[in-house]
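Chemist: Below you'll find the structure I mean.
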Amino acid sequence: MPSFADYDRRNYRTVDVATGYDGWAPTYEQTVLDKMDLALLTQLQRPEWAHVRRAADLGCGTGRTGAWLRTQGISHIDGVDVSTGMLELARARGAHTTLTEGDARDTGLPSGSYDLVIASLIDEHLPDLAPFYAEAWRLAAPGARCVLVSFHPQFMMVTGMPTHYTPAAGAPVAISTHLHLLSEHVTAALDAGWVLTELTEMLVDDTWLAAKPKWAELRGQPFTMATVWTKPA
């Protein structure tokens, strides 16, 4: 499988995930747009959000996804993240029922307890997808959905741009980034037992270019994607 290093055009200094998101936390909300992920969630036909009672939000970050889930009527949301800086912001937001410092691949949350396992923009930080899909399977109740919002691999290959942020003083810093083809997602998820239920993709369009005019040459390219998986009842 290809490595992101084969496509990286920036060659920024790279830090581990916890260090990177702790450093990004103060400006994260100003640099990540809803068009990247939350807009994709609104397009999904499944899961039926109103039927979800308990959700596990893996890599919950500042609580953006948790807050969106609250607007869909989900009352119990347990969040997990490796970054203490991001968790501090999530606590201030107050969308989650519980928040735990931990790894999305080994959360410590109770088995078989969730109607929904959701993760947004975290899989590019995982060297191997299999542990994530296995952990999501462990957490999911029979009939539950797993929703994963990801950067599209084509976008990463075309742009050669790692996940990164720019500190208040200093050069941009990359957060350890991995490239995963669609086939890797399908193989890892199917091996864990998941059934693919829905796939939708977000393209770079006029709405996005209004925020990122320098991306004009990327018009029409896939940017992010959302996959929905079902655990058979």
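The values are calculated or read from the model by the stated rules, or taken from the named source; none is laboratory data. As the structure is a prediction and not an experimental result, all values here were calculated from the model. Cβ coordinates were reconstructed from backbone atoms using ideal geometry, including for glycine residues, and neighbour counts include every protein chain displayed. Heavy atoms of the whole protein, side chains included, go into the accessibility calculation; ligands, DNA and RNA do not. Shrake-Rupley method; radii C 1.70, N 1.55, O 1.52, S 1.80 Å.
Chemist: Identify, among 72, 121, 159, the residue whose Cα sits farthest towards the positive end of the charge dipole of the chain, taking +1 on the Cβ of Lys and Arg and -1 on the Cβ of Asp and Glu, with the dipole about the Cα centre.
Modeler: The Cα lying farthest towards the positive end belongs to 72.
Chemist: Under the definition of Cα pairs under 8 Å and six or more residues apart, what whole-number percent is the relative contact order of the chain? List each step's numbers first, then the result.
Modeler: Details: 468 pairs, mean separation 56.3, N = 233.
Relative contact order comes out at 24 percent.
Chemist: Quick check: at a probe of 1.4 Å, how many percent of the accessible area of the chain sits on carbon and sulfur atoms? Numbers along the way, then the final one.
Modeler: Details: 5310 of 10140 Å².
Here it works out to 52 percent.
Chemist: Given a 1.4 angstrom probe, what's the average accessible area per residue across the chain, in square angstrom?
Modeler: 44
Chemist: Once Rh is set to the Kirkwood radius over Cα pairs, what Stokes-Einstein translational diffusion coefficient, in µm²/s, holds for the chain at a temperature of 25 °C and a viscosity of 0.890 mPa s?
Modeler: Working: Rh = 17.9 Å.
Estimated diffusion coefficient is 137 µm²/s.
Chemist: Using helices alone, I'd like the mean residue ellipticity at 222 nm for the chain: each DSSP H run of four-plus residues gives -39500 (n - 2.57), total over residue count, nearest 500. Intermediate values should be presented prior to the final figure.
Modeler: On the way: 9 runs with 70 residues, N = 233.
Calculated from helices alone, the mean residue ellipticity at 222 nm is -8000 deg cm²/dmol.
Chemist: Quick one: grab the alpha carbon gyration tensor of the range 58-147, order the square roots of its eigenvalues as a ≥ b ≥ c, and give me rounded if a/c is under 1.5, else prolate or oblate depending on whether a/b is larger than b/c.
Modeler: Values: a/c = 1.72, a/b = 1.15, b/c = 1.49.
Judged from the Cα gyration tensor, the range 58-147 comes out oblate (a/c at least 1.5, b/c at or above a/b).
Chemist: In addition: Please give the solvent-accessible surface of residue 205 in Å², to the nearest 10, using a probe radius of 1.4 Å with every protein chain present.
Modeler: My reading of the accessible area for residue 205 is about 50 Å².
Chemist: Take the Cα atoms of the range 140-229, build their convex hull, and give its volume per residue in Å³.
Modeler: Enclosed volume per residue, from the Cα hull, is 138 Å³.
Chemist: Enter the accessible area of residue 101 (Å², nearest 10), with the probe set to 1.4 Å and all protein chains included.
Modeler: 120
Chemist: Karplus couplings for the range 82-96 from phi (6.51 cos²θ - 1.76 cosθ + 1.60, θ = phi - 60°), rounded to Hz, Gly and Pro as x?
Modeler: 7, 9, 5, x, 5, 5, 4, 5, 5, 4, 5, 5, x, 7, 9
Chemist: OK, next. Could you pull the accessible area for residue 16 with a 1.4 Å probe, rounded to 10 Å²?
Modeler: Roll a 1.4 Å probe over it and residue 16 shows about 80 Å².
Chemist: What is the set of long-range amide H partners of residue 79 at a cut-off below 5 Å, with H atoms built 1.01 Å from backbone N?
Modeler: Residues meeting the criterion, in which the H sits 1.01 Å from N, are 57, 97, 98, 99, 100.
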